[in-house]
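Undergrad: Okay, here's the structure, questions in a sec.
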Amino acid sequence: MITERTPKEKLMAVWSKRPLIISGPCSAETEEQVVETAKQLAATGKVDILRAGIWKPRTKPGGFEGIGAKGLPWLQKAEQESGLLTACEVANAKQVQDALTFDVDILWIGARTTVNPFSMQEVADALRGVDVPILIKNPVNPDIELWSGAVERIARAGIKYIGLIHRGFSSFGNTQYRNAPMWPLAIDMKLRHPDMPMITDPSHICGNREGILEMSQRAIDVDFDGLIIESHIDPDNAWSDAKQQITPQRLDEILSSIIWRKPDSSNPEFNKALENLRHQINILDDELLQVIAQRMKVADQIGQYKKDNNITILQPSRWHEIVEATVTKGEKLGLSRDFINKYLDAVHIESINHQKKILDA
Ligand code: PEP
Ligand code: MN
């Protein structure tokens, strides 16, 4: 088959498109499945990049572990016939070389690889001197330093175009999601790397078809840059992740139902109103800080008093009273129990630290 690498300008035009939409099967299974899925996805006019797993890291042995390098020419054919760029997962040096030999446009690093610095370094070394965009999925566990470390290894190998994929995190006892989204962590990561696209993977977060629209909408609501959604021409009979894959037609419906929000508006009246509200928020945040600082000064006085009278810092019965009363009041004011608990925990720790300083002085 005669193919050549996608011209740099086309690759860059797609890479900088917002929202960036990546879709395709969890795994490449047969040539027909890959090519037909690509054609149907391209026909929606809403998809930019075809994804397909060639090597599949499975949690347990015995599942489908990927078709292997034999599937790479199928991706080339799918690109030729659909016009979509292609992406696959790589987890070691050999896979990087094979994917590049077959002109895969964009490579992604899976959650089970990001988690392992040895594997990350091997992939980074294999990428030295190569000009290919790399997407890095969050590690399986909620560790932002591990995710950032993976980014740093790839950046140090000289890769200029790096993007992030938010696919959720393992958490014990969690039943609602296959991988809990933990939005604050993903948002923090985006704030650390404002120049890197952040793409949400609702398929691996939800682990089912039903949650995909809502999870996608949340990603767009927090101004993430795109979505990677698994799609298969016959989802029920997919060789991996059957429960979460959707048909290209369903993907089209989902993408049409999402309310695509913009970070800014060009309407001056709206901008003025927003500016006004943000100003109010700034004033209220300042006031909150002042009040909390005042509260800590009172805590200092209590600390001094406890010290003079040889009383312990922590008095659990008093604290339980405060928590109960505050949660009740907070709920009446429309604040969730969960928020009040987190807020009180933070205030309590700060207060104890203040008092401890006084007792130790
Ligand atoms: C995948 O994208 O099919 C995959 C294996 O995902 P993750 O690395 O997020 O588990
Ligand atoms: Mn999958």
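Undergrad: Using Cα springs under 10 Å in a Gaussian network model of the chain, which residue among 95, 245, 304 shows the largest mean-square fluctuation?
TA: Ranking 95, 245, 304 by mean-square fluctuation puts 304 first.
Undergrad: Over the range 268-360, what relative contact order in percent results from Cα pairs under 8 Å that are six or more residues apart?
TA: 41
Undergrad: Tell me which of 45, 118, 20 sits at the most positive position along the dipole axis of the range 7-257, charges placed on C-beta atoms (Lys, Arg +1; Asp, Glu -1).
TA: Going by the Cα projections, it comes out as 118.
Undergrad: Among 132, 327, 34, whose mean-square fluctuation peaks in a Gaussian network model of the chain (Cα, cutoff 10 Å)?
TA: Per the Cα network of the chain with a 10 Å cutoff, 327 tops the list.
Undergrad: Beta carbons within 10 angstrom, averaged per residue: use that to sort the peptides 227-235, 295-303, 158-166, highest first.
TA: Ranked by mean Cβ neighbours within 10 Å, highest first: 227-235, 158-166, 295-303.
Undergrad: What is the dipole size for the range 7-257, taken about its Cα centre, with +1 at each Lys and Arg Cβ and -1 at each Asp and Glu Cβ, in debye to the nearest 20?
TA: That gives a dipole near 420 debye.
Undergrad: Using just the helices of the chain, give the 222 nm mean residue ellipticity in deg cm²/dmol: DSSP H runs with n ≥ 4 each add -39,500 (n - 2.57), and the total is spread over all residues, rounded to 500. It would help to have the intermediate numbers written out before the result.
TA: Working: 14 runs with 186 residues, N = 361.
So the calculated ellipticity at 222 nm is -16500 deg cm²/dmol.
Undergrad: Let me ask something additional. Which order, highest average first, do 43-54, 172-183, 307-318, 253-264 follow once you tally other Cβ atoms within 10 Å for each residue and take the mean per peptide?
TA: Result, highest mean Cβ count within 10 Å first: 43-54, 172-183, 253-264, 307-318.
Undergrad: Using only Cα atoms, find the angle between the long axis of helix 117-127 and the longest principal axis of the chain, and express it within 0 to 90 degrees, rounded to the nearest 10.
TA: Result, in degrees: 40.
Undergrad: Need one word for the range 268-360: rounded, prolate or oblate. Basis is the Cα gyration tensor (sqrt eigenvalues a ≥ b ≥ c); a/c below 1.5 gives rounded, then a/b vs b/c decides. Walk me through the numbers on the way to the answer.
TA: Values: a/c = 3.97, a/b = 1.91, b/c = 2.08.
Oblate, because a/c is 1.5 or more while a/b does not exceed b/c.
Undergrad: Moving on to the next point. I'd like the antiparallel share, as a percent to the nearest 5, of DSSP beta bridges with both residues in the chain.
TA: Taking every DSSP beta bridge within the chain, about 5 percent pair in antiparallel fashion.
Undergrad: Let me ask something else. Specify which residue in the list 96, 142, 283 is farthest towards the positive end of the charge dipole of the chain, using unit charges on the beta carbon of Lys, Arg (+1) and Asp, Glu (-1), about the Cα centre.
TA: 283
Undergrad: Further, regarding this structure: Pull out a ≥ b ≥ c, the square roots of the eigenvalues of the alpha-carbon gyration tensor of the range 7-257, then state rounded if a/c is under 1.5, prolate if not and a/b is larger than b/c, and oblate in the remaining case. If you can, show how the numbers build up before the last one.
TA: Working: a/c = 1.24, a/b = 1.05, b/c = 1.19.
Rounded shape, in that the Cα axes give a/c under 1.5.
Undergrad: Give me 118, 224 ranked fewest to most by other Cβ atoms within 10 Å of their Cβ, as a rough exposure proxy. Before the final figure, lay out each step's value.
TA: Values: 118 8, 224 23.
Going from sparsest to densest Cβ surroundings: 118, 224.
Undergrad: Exposure proxy check: 206, 88 ranked by fewest other beta carbons within 10 Å?
TA: Result, fewest neighbours first: 206, 88.
Undergrad: Another question about this same structure. Which loop GluC sites (Glu not before Pro) in the range 54-119, with loop taken from DSSP, have no more than 15 other Cβ atoms within 10 angstrom of their Cβ?
TA: The qualifying sites are 65.
Here, each number is a calculation from the coordinates, and none is a lab measurement. No experiment lies behind these values; they were computed from the predicted model shown. Reconstructed Cβ throughout: ideal geometry from the backbone, glycine too, with neighbour counts over all protein chains shown.
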